[in-house]
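Below you'll find the structure I mean.
The values are calculated or read from the model by the stated rules, or taken from the named source; none is laboratory data. Remember, it's a predicted structure, so these values are computed and weren't measured experimentally. In this analysis, Cβ positions are derived from the backbone assuming ideal geometry, glycine residues included, and neighbour counts consider all displayed protein chains. The accessibility values were calculated without ligands, DNA or RNA, using every heavy atom of the protein model including side chains. Shrake-Rupley method; radii C 1.70, N 1.55, O 1.52, S 1.80 Å.
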2 protein chains.
Amino acid sequence: MSEKDRAPVARTVLQQCLHARLQVKPAGEKSEAQFVQVSSQLYPVTQLLNHPHGLMLLPPGFTIKMVSFKHDIDRGMVIHICFFKGATDDILPKMVSTLLNLRLCEAESGKMVSVLELPGSLLIVPQATLGGKAKGRVMQYHNNINKEDGLRLYGSFVSLCEKEVAPAAAEAGVKVKHGTYGNRQVLSLDTNGPYTHLMEF
Amino acid sequence: MSEKDRAPVARTVLQQCLHARLQVKPAGEKSEAQFVQVSSQLYPVTQLLNHPHGLMLLPPGFTIKMVSFKHDIDRGMVIHICFFKGATDDILPKMVSTLLNLRLCEAESGKMVSVLELPGSLLIVPQATLGGKAKGRVMQYHNNINKEDGLRLYGSFVSLCEKEVAPAAAEAGVKVKHGTYGNRQVLSLDTNGPYTHLMEF
């Protein structure tokens, strides 16, 4: 089956940014607090810092990894990404190559260049809602890939992006940041024109 | 021809926001300055205010409309919109009704509701880049509607949205803001999870 005959298995929405910030919240968490990761569990910073003993009380065997979940990039591109049923690992190299080499960004000169040419940073945001289809007034997500496969594909996609951006990262200080699959993503975006593009694969 | 048989004539990308701000810049203008509209011409605020005579020097016959081009909304939905060749006015009522009544927003309770039910504000952003198709490394926009028809459809779309939102606007203080068709749109977005959706018509 030729590529054009099959239904898309991945959808991306691309936005240019001057600055973008992503904060990951555990599902259902309402507060705006920042989070640090304590081993595999999440505690609000305030809960840790305000402990009455002045120390962080941790279950035995836990080690503290002070990982801030606030991910910032400056100039570059935000990639909102969603995989559909039928997506496999073999689509990833072409996806990454296409997204990073397409002339989607405006250089200082006004010329359109790719994010690698800019060079710009990447903020990758897993966005399951992109797979939604309206049925009456309700959005349904039946065509989205299952969580396990989606998590694996997302991880591989991020790794491939990091590998492609690595040479520019060393030279120009650009970076690849990404959200956490399956969690609520809290995004702030400053643009100089969002230049929103849709690319399906 | 049934609706499902034809190619889409309009594409929208929808993002939820806690706050969104849009600034319109004339094409090619690089500075970050705010703008006011002086009749049909645009001058940077600084250029007007720093005039050596302390007065704004205007060509004869011009009237000053001190319209700020900074458009803010608080909680609500950003609609990025692009019309394709073949789009006509008769698609607009269904588009507006669908977008405003689909349950795309998360209420305080966690329940998904429409932007009218929330009730939330709208920020409508004309986004020609959404019509892009990749050819090699270059994005092409051959399928986009011509500027005259696009401008008319965009204007009507905004008017219909304003009409639909009017009852909630009076009661709950929500509003409809929009960008200027054909100009660069400078968007800043704060989300509580962008919940990016794609809807085509």
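Rounded, prolate or oblate: which one fits the stretch B:81-180, using the alpha carbon gyration tensor with axes a ≥ b ≥ c (rounded when a/c is under 1.5, else prolate when a/b beats b/c, else oblate)?
Working: a/c = 2.55, a/b = 1.74, b/c = 1.47.
It is prolate, given that a/c is not under 1.5 and a/b is the larger ratio.
Inter-copy label distances at A:GLY86, 7 Å along the Cα→beta-carbon direction, one decimal in nm, shortest first?
2.1
While we're on this one: Can you give me the accessible area per residue for the stretch A:103-181, using a 1.4 Å probe, in Å²? Write down the numbers at each step before the final one.
On the way: 3910 Å² over 79 residues.
With the other protein chains kept in place, the stretch A:103-181 gives 50 Å² per residue.
Determine the total buried accessible area between chain B and chain A, counting protein heavy atoms only with a 1.4 Å probe; round to the nearest 100 Å². Present the calculation step by step, with values, prior to reporting the outcome.
Working: alone 11440 and 11530 Å², together 19460 Å².
Summed over both sides, the interface buries about 3500 Å².
Need the full-extension length gain, A:ASP90 to A:ARG137, defined as separation in residues times 0.36 nm minus the C-alpha distance. One decimal, nm. Don't skip to the answer; put the middle values down first.
Working: separation 47, 0.36 × 47 = 16.92 nm, distance 3.53 nm.
Between A:ASP90 and A:ARG137, full extension yields an extra 13.4 nm.
Once neighbouring chains are kept in place and the probe is 1.4 Å, which whole percent of the accessible area of the stretch A:68-201 is contributed by carbon and sulfur? Don't jump to the answer; show the numbers that get you there.
Details: 2930 of 5620 Å².
Carbon with sulfur: 52 percent of the solvent-accessible area.
Rounded to whole Å, how close does chain B get to the rotation axis onto A by Cβ? Give me the residue too, please?
B:LEU189, 2
Okay, next question. Report the full-extension gain for the segment B:ASN146 to B:ASP72: residue separation times 0.36 nm, less the Cα-Cα distance, to one decimal in nm. Walk me through the numbers on the way to the answer.
Numbers: separation 74, 0.36 × 74 = 26.64 nm, distance 2.84 nm.
Using 0.36 nm per residue and subtracting the Cα-Cα distance, I get 23.8 nm.
Same structure, new question: Highest mean first, what order results for A:102-110, A:166-174 on Cβ atoms within 10 Å? Walk me through the intermediate numbers first.
Details: A:102-110: 16.0, A:166-174: 13.6.
Ranked by mean Cβ neighbours within 10 Å, highest first: A:102-110, A:166-174.
Distance between the C-alpha centers of the stretch A:91-112 and the stretch A:180-201? Whole Å please.
Using only Cα atoms to place each centre, the spacing works out to 15 Å.
Once you place label points 7 Å from the Cα toward the Cβ at B:GLU106 and B:ALA7, how far apart are they in nm?
3.7 nm
Could you pull out the pairs from A:LYS147/B:LYS111; A:LYS111/B:LYS135; A:LYS111/B:LYS177; A:LYS175/B:LYS111 whose alpha carbons sit more than 24 Å apart here? Don't skip to the answer; put the middle values down first.
On the way: A:LYS147/B:LYS111 22 Å; A:LYS111/B:LYS135 17 Å; A:LYS111/B:LYS177 30 Å; A:LYS175/B:LYS111 36 Å.
In this structure, A:LYS111/B:LYS177; A:LYS175/B:LYS111 lie more than 24 Å apart at Cα.
Also, I was wondering about something else. By the gyration tensor of its Cα atoms, with a ≥ b ≥ c the square roots of the eigenvalues, what is the shape of the stretch B:147-201: rounded for a/c under 1.5, prolate for a/b over b/c, or oblate? The partial results should precede the final answer.
Details: a/c = 1.67, a/b = 1.14, b/c = 1.47.
In terms of gyration-tensor shape, oblate.
Placing the label point 7 Å from Cα along the Cα-to-Cβ direction, what are the distances from A:GLU108 to the equivalent spots in the other copies, shortest first, in nm to one decimal?
Nearest to farthest, the other copies are at 4.8 nm.
Give, ordered by residue number, each residue of the stretch B:155-201 whose 1.4 Å probe accessible area is reduced by a minimum of 40 Å² on adding the remaining protein chains to the chain alone.
With the partner chains in place, the stretch B:155-201 has these residues losing at least 40 Å²: B:ARG184, B:LEU187, B:LEU189, B:THR191, B:ASN192, B:PRO194, B:THR196, B:HIS197, B:LEU198.
Under the definition of partner shielding as Cβ atoms of other protein chains within 10 Å of a residue Cβ, what is the mean value for peptide B:132-145? Could you put the intermediate results ahead of the total?
Details: counts 8, 3, 8, 1, 3, 9, 4, 7, 0, 0, 0, 0, 0, 0.
For this peptide, the per-residue mean of nearby foreign Cβ atoms is 3.
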